[in-house]
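Here is the structure we will look at, set down as structure tokens.
The values are calculated or read from the model by the stated rules, or taken from the named source; none is laboratory data. Owing to the predicted nature of the structure, the values given are computational and were not obtained by experimental measurement. Reconstructed Cβ throughout: ideal geometry from the backbone, glycine too, with neighbour counts over all protein chains shown. To get the accessible areas, we keep the full protein, side chains included, count just its heavy atoms, and leave off ligands, DNA and RNA. Shrake-Rupley method; radii C 1.70, N 1.55, O 1.52, S 1.80 Å.
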Amino acid sequence: MAFREVFFLCMLVSTLSITQACQFSRSCTDITFDRNSTVMRAICSTSNLERRNASIDVNNCVGSSNGVLDCSSNFASRCINISFNGLNVAARCNRGDGVLVSSSRNLDDCIQNVEGVLQCC
């Protein structure tokens, strides 16, 4: 392979790993959200098919940058009207200049199941 092809393949693999979602919902069921908090609970499978109760504070995995929800952390301090619907979190977030904008994020992008334990990606 020439240098050019190797470089292209490396860039492609790098891009795929960055954009690949964590997809916790593929191995977790009974997903619920605690009322008046940002805690999510689920029953998650391990590699040997055990089922475990798991929970995670979504605020540790979702952030807000310029009003857009992303996979960083601490969105709850910059957003209001936070709601959870299915696998999505939605909120109105400060974009930095005092203006609030609506944003949503699929939690499969930010949370993964590692052997029955929910973790931020």
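Can you pull out every residue in the range 95-117 that is without any contact (Cβ under 8 Å) to a residue 24 or more places away in the chain, open to solvent by less than 70 Å² (accessible area, probe 1.4 Å) and over 27 Å from residue 23 (Cβ atoms)? Talk me through it step by step, then tell me what you get.
At the first step, the residues of the range 95-117 found to be without any contact (Cβ under 8 Å) to a residue 24 or more places away in the chain are 97-98, 102, 114.
Filter again for open to solvent by less than 70 Å² (accessible area, probe 1.4 Å), leaving 98, 114.
Of everything in the range 95-117, just one residue is without any contact (Cβ under 8 Å) to a residue 24 or more places away in the chain, open to solvent by less than 70 Å² (accessible area, probe 1.4 Å) and over 27 Å from residue 23 (Cβ atoms), namely 98.
Looking only at residues in the range 102-111 that are part of a strand (DSSP E or B) and in contact with a Cys (Cβ under 6 Å, 6 or more places away or on another chain), which one is nearest to residue 31 (Cα to Cα)? Outline the logic, then answer.
Applying the first criterion (part of a strand (DSSP E or B)) to the range 102-111 yields 102-106, 111.
Remaining after also requiring in contact with a Cys (Cβ under 6 Å, 6 or more places away or on another chain): 103, 111.
Details: 103: 21, 111: 12 Å.
Within the range 102-111, the match that is nearest to residue 31 (Cα to Cα) is 111.
If you go through the range 38-90 one residue at a time, how many are in contact (Cβ under 8 Å) with a residue 40 or more places away in the chain, farther than 19 Å from residue 23 by Cβ and of a type in the set (S, T, N, Q)?
2
What's the number of the condition residue 68 fails, among (1) modelled with pLDDT of 95 or more; (2) open to solvent by less than 80 Å² (accessible area, probe 1.4 Å); (3) hydrophobic (A, V, I, L, M, F, W, C); (4) more than 14 Å from residue 120 (Cβ to Cβ)?
Result: residue 68 passes all but (2).
For the range 5-52, name all the residues that are open to solvent by less than 80 Å² (accessible area, probe 1.4 Å), assigned to a helix (DSSP H, G or I), at pLDDT 95 or above and out of contact with any strand residue (DSSP E or B) (no Cβ under 6 Å at 6 or more places or on another chain).
25 - this is the single residue of the range 5-52 that is open to solvent by less than 80 Å² (accessible area, probe 1.4 Å), assigned to a helix (DSSP H, G or I), at pLDDT 95 or above and out of contact with any strand residue (DSSP E or B) (no Cβ under 6 Å at 6 or more places or on another chain).
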